[in-house]
Amino acid sequence: MVTRIALPSSTSRIHSSLLDLIRDAVDQPDLTFNMRNLHLPISDDYELILCRGTDVATVVGHGAADIGITGYDMAVEWSLEYDLDLDIRSLPSRTSFVTFATVSGRTVERIYTEYWNLTKAWQASSSRWADAELVRLHGSSEGVIRTDERSAGVLLVTSGVTAEVNGLDLTMPLLETDAVVVRPKGSDHRIGNIDPSALPTLGMPTFVPGR
């Protein structure tokens, strides 16, 4: 039986490192993709499906793929949106943070966010910013946050350089994120020599009630 693996496409910042991981796992050192080749049978046992990193958990959760690799932040966002749990297993990789950022001393009335569901869950647990308006953006929000003098933002921070250039203070990390393997609860699918059952399990963030 063929296992379908979802992976972020070549436009994703984590594509190269994850493709290297797949190459090693399935012993296919010359495995490669191009922008048009988004589905690739790579052996009698595996097929790769490329999609946006933000969609890997969705593809796995709805059964279009058996297993996937994406960021922990994306797995949490999907689980909160659909109120469903995936089996999420940690992979060693470079760590980034989903962070609440603003300018010190501001009165925050509005929060721009790349993470709609995660931010709503965190906001519900916060007495200080519970009443702020949420505005959904899709990346590169640092400049918007800087110019709106009543705002803050929830965004992905890797080096912190972009936030610093835009004069933002990284006030509070909400979530540490790195690469994870995701599969449906109870699944035994694996990726070559990567056995998710042997990897650490990750649950939902502590500010999500009952999860």
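Worth pointing out:
- Flag if residue 20 is under 14 Å from the mean Cα position of the chain (by Cα), among the acidic types (Asp, Glu) and not in a loop (DSSP other than H, G, I, E, B): no
- Residues of region 135-167 satisfying the condition of being closer than 11 Å to residue 112 by Cβ, in a strand (DSSP E or B) and open to solvent by 30 Å² or more (accessible area, probe 1.4 Å): 135, 136
- Residues in region 114-134 that are outside any loop (DSSP other than H, G, I, E, B) and either surrounded by 18 or more Cβ atoms within 10 Å (Cβ to Cβ) or in contact with a Gly (Cβ under 6 Å, 6 or more places away or on another chain) (or both): 118, 119, 121, 122, 123.
- Residues being modelled with pLDDT of 90 or more, touching a Lys or Arg at 6+ places or on another chain (Cβ under 8 Å) and of a type outside the set (Gly, Ala, Ser) - total across region 136-165: 3
- Where strands (runs of 3 or more DSSP E) sit wholly within region 39-113, those with at least 2 residues that are within 20 Å of residue 174 (Cα to Cα), among the hydroxyl-bearing types (Ser, Thr, Tyr) and open to solvent by less than 60 Å² (accessible area, probe 1.4 Å) occupy 96-102, 110-113.
- Of all residues making up region 83-123, the number that are touching a residue at least 40 places away in the same chain (Cβ under 8 Å), farther than 23 Å from residue 158 by Cβ and out of contact with any Asp or Glu (no Cβ under 6 Å at 6 or more places or on another chain): 8
- Just one residue in the set 196, 205, 200 is touching a residue at least 60 places away in the same chain (Cβ under 8 Å) and open to solvent by 30 Å² or more (accessible area, probe 1.4 Å); that residue is 200.
- Some residue of region 168-182 being over 19 Å from the mean Cα position of the chain (by Cα), more than 17 Å from residue 97 (Cβ to Cβ) and in a loop (DSSP other than H, G, I, E, B): no
The values are calculated or read from the model by the stated rules, or taken from the named source; none is laboratory data. All figures in this text were calculated on a predicted structure; none of them were measured in a lab. Reconstructed Cβ throughout: ideal geometry from the backbone, glycine too, with neighbour counts over all protein chains shown. The area values use the complete protein model at the heavy-atom level, side chains included, leaving out ligands, DNA and RNA. Shrake-Rupley method; radii C 1.70, N 1.55, O 1.52, S 1.80 Å.
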